[in-house]
Amino acid sequence: MGIALAALPGLAQAQQEFPTKPIRLVVAYTPGSQPDTLARMIGHKMSESWGQPVVVENRPGAGSALGAAQVAKAAPDGYTLLLAPAAFVTNAALQPNLPYDPIKDFAGITQLGFPAAVLIVAPALDVKSVKDLIALAQAKPARLSLVPRAQAVQPI
């Protein structure tokens, strides 16, 4: 009985509250981007709630694979998180030699939003629907360009 009582303080110490040190939130995009802004907003609230700093770290490159690879190599202790963009899912199909396994190396925590895509055409095309756009593309393929001229900014 004395041995069991002597072990109790060690057991109590092993069950510390999470987190006990700063959290690292890796964003696989550049500072100022939409994912970065979202991470900073969420990180601020997490820090207030947990009483520990949440440090946003930007690791852009390779379609978000560089940031994801860095998180995959981190200790699996919950102190390094990845704000994973939609590209995280498509990278597994498009890049066969990723330095991580998106299924085995990561555990999802939550979904922060729902990505949306918008198709916009110039008013001069006089296109009112996707059906009209397809018909125009088939009738005059040289008139349309599939190369985007500017990337739209998505609201948070």
Under 15 Å from the Cβ of D77, count the other residues' Cβ atoms, weight Lys and Arg +1, Asp and Glu -1, and hand me the total. +1
Qualifying aspartates and glutamates (Cα of each under 18 Å from Cα of K140; at least 8 residues distant if same chain): D126, D132
What nm distance separates the two modelled labels at A75 and I109, each placed 7 Å from Cα along Cα→Cβ? 1.7
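Mind giving me the FRET efficiency for Q52 and T30? R0 is 22 Å, r the Cβ-Cβ distance, nearest 0.05 is fine.
Working: r = 25 Å, r/R0 = 1.16.
Rounded to the nearest 0.05, the efficiency is 0.30.
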D126 and A86 label points (each 7 Å along its Cα→Cβ direction) are spaced in nm at 3.2
At a Cα cut-off below 20 Å, give the lysines reachable from K21, other chains included and same-chain residues fewer than 8 away excluded. K45, K73
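Could the peptides 46-57, 20-31 be put in order, highest first, of the mean number of other beta-carbon atoms found within 10 Å of their residues?
Details: 46-57: 14.4, 20-31: 17.7.
Packing order, densest peptide first, comes out as 20-31, 46-57.
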At 0.36 nm per residue, and after removing the present C-alpha to C-alpha distance, how many nm does the segment from A116 to L136 gain when stretched out fully? 4.7 nm
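With Rg and the Kirkwood Rh both taken from Cα atoms, where does Rg over Rh land for region 17-116?
On the way: Rg = 13.3 Å, Rh = 14.0 Å.
Over the Cα atoms of region 17-116, Rg/Rh equals 0.95.
None of the figures in this text is laboratory data; all of them are computed from the coordinates on show. Everything numeric in this text was worked out from a predicted model, so none of it was measured. Please note: Cβ atoms are built from the backbone with ideal geometry, for glycine as well, and neighbour counts cover all protein chains shown.
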